[in-house]
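Right, one structure below, let's go through it.
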Amino acid sequence: PQFTAYITMGLPIVLLLVFLARAVTLPGASEGIQAYIGTWDMNILFDRPDVWSTAVSQIFFSLGVTFGVMTAFGSHCPRKSPAVENSIIIAVSNSAFSLISGFAVFGSLGYLKYYEGADSLDDVVKSGPSLLFGAYPSVLSTLPGGIY
């Protein structure tokens, strides 16, 4: 069981890092990353209060997916284990994983825009399943050793 936990927790992190490394080194990736984090407008936080509820909903959903895992993890921890510290580590790790994933996804969208010769990122792919099945394969197909 412990070996399974190492694989199921470690492998997605390693795969994300491989995907990130490949996505940010492709041509056009910088434009996607610029769209992700390059334009910062603090006025949106005040002018559109729905941004706050969307952000809170996203982080609660993201942490909520792991709620059952946290309960199972807590049941195996010693009684005197630092529950608050463990909760903070989980929340910060979740946010870091989401931030890193954003760089990988938007880097791949920048490459996809470059590859397709599109005018803007909005023309490349829409949100939802098409984001997953459009952006990820475009980067994975450029990995050395791929047959496609």
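The values are calculated or read from the model by the stated rules, or taken from the named source; none is laboratory data. On a predicted model such as this, the values are computed, not experimentally measured, just so you know. Glycine gets a Cβ as well: all are built from the backbone with ideal geometry, and neighbour counts include every protein chain shown. Please note that ligands, DNA and RNA were not included when accessible areas were found on the heavy atoms of the full protein model with its side chains. Shrake-Rupley method; radii C 1.70, N 1.55, O 1.52, S 1.80 Å.
Observations on the structure shown:
- Note on the chain: dipole from Cβ charges, positive end direction compared against Thr4, Val92, Leu26; the farthest Cα belongs to Thr4.
- Shown here for region 74-148: trypsin sites (Lys or Arg not before Pro) in loop regions (DSSP other than H, G, I, E, B) with at most 15 other Cβ atoms within 10 Å, namely Arg79, Lys80, Lys126.
- Net charge, Tyr36 excluded, C-beta distance under 15 Å - Lys, Arg +1, Asp, Glu -1: -2
- Per residue, the chain exposes 72 Å² of solvent-accessible protein surface, assessed with a 1.4 angstrom probe and all protein chains in place.
- Among (1) 103, 21, 11; (2) 27, 17, 14; (3) 32, 23, 12, the entry derived from the coordinates for semi-axes √(5λ) of the Cα gyration tensor in Å: (3)
- Just the protein heavy atoms count here, and of the accessible area of the chain at 1.4 Å, carbon and sulfur take up 69 percent.
- For the chain, complete DSSP H runs whose alpha carbons reach 18 Å or more along their own long axis and whose mean Kyte-Doolittle score is 0.0 or higher are 2-24, 50-65, 83-116.
- Using the Cβ of Leu131 as centre and a radius below 14 Å, the other residues enclosed give a net charge of 0, where K and R count +1 and D and E count -1.
- For the chain, a simple Cβ point-charge model (Lys and Arg +1, Asp and Glu -1, everything else neutral) yields a dipole of about 660 debye relative to the Cα centre.
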